[in-house]
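The values are calculated or read from the model by the stated rules, or taken from the named source; none is laboratory data. Just so it is clear, the model here is predicted, and its values are computed rather than measured. Heads up, the Cβs are rebuilt from the backbone with ideal geometry, glycines too, and the neighbour counts pull from every protein chain shown.
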Amino acid sequence: MLALIQWAWLPKAVPQLHGGDFGIFFRSAASTEPYIGHAGDPTLANGATFTNLNPPQFLIFVRPFTNLPFWMAAICWWVLSLALLGAGLTWWLHEQGETWTMPLVAWALAWTPIISVGLTGQVTAILGVPLWLAFRDLSRGRSLRGGVYAGVVLSMKPILWPLAA
């Protein structure tokens, strides 16, 4: 029931957020000056505008979305994100010898990271799959492949550098 309430509320909240993080990425990738605040970016209580703090190679990934109208690009981003989260969770369940059941589906739909991705358009799902692949390969002794996956993730989201330690 909680998942249904959250997902029913989501379409009403997203327009007020101007696409959340994805909106910031989109406007930044479409701009000739990507690292300044843009009209439509969320603001703090003092009026300061949030800006894109991701490295330039991340903008290369977002740039193709700028060929679409913003609303369509946001839908594509969220669909891609949810598909990647679903794939990542399915792979993880498979590794545990489990399969999807109705209670697991309900828990997944009510799980805060999935709601957060839906609400804010974060990069969690986009980077979560290569992060999981890095963990899987590194834990199985495949250092080169695991390192490549980890390098991609860490180069696009420097805030994750503590994971490298």
*Do you know which residues across segment 124-139 are in contact (Cβ under 8 Å) with a residue 12 or more places away in the chain and under 16 Å from A87 (Cβ atoms)?*
T124, A125, I126, L127, G128, V129, P130, L131, W132, L133, A134, R136
_Quick check on this structure: which one of A29, A8 is modelled with pLDDT under 75 and in a helix (DSSP H, G or I)?_
A8
*Can N52 be described as within 20 Å of G23 (Cα to Cα) and either out of contact with any helix residue (DSSP H, G or I) (no Cβ under 9 Å at 6 or more places or on another chain) or modelled with pLDDT of 80 or more (or both)?*
no
*Candidates L93, L59, L109, L85 - the one that is surrounded by 15 or more Cβ atoms within 10 Å (Cβ to Cβ), within 12 Å of the chain's Cα centre (by Cα), not in a loop (DSSP other than H, G, I, E, B) and not polar (S, T, N, Q)*: L85
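Conditions (1) part of a helix (DSSP H, G or I); (2) exposed (fewer than 13 other Cβ atoms within 10 Å of the Cβ); (3) among the hydroxyl-bearing types (S, T, Y), marked per residue:
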| site | (1), (2), (3) |
| --- | --- |
| T66 | yes, no, yes |
| T99 | no, yes, yes |
| P113 | yes, no, no |
| A125 | yes, no, no |
| L133 | yes, no, no |
| L138 | yes, no, no |
| G146 | yes, no, no |
| G151 | yes, no, no |
| L160 | yes, no, no |
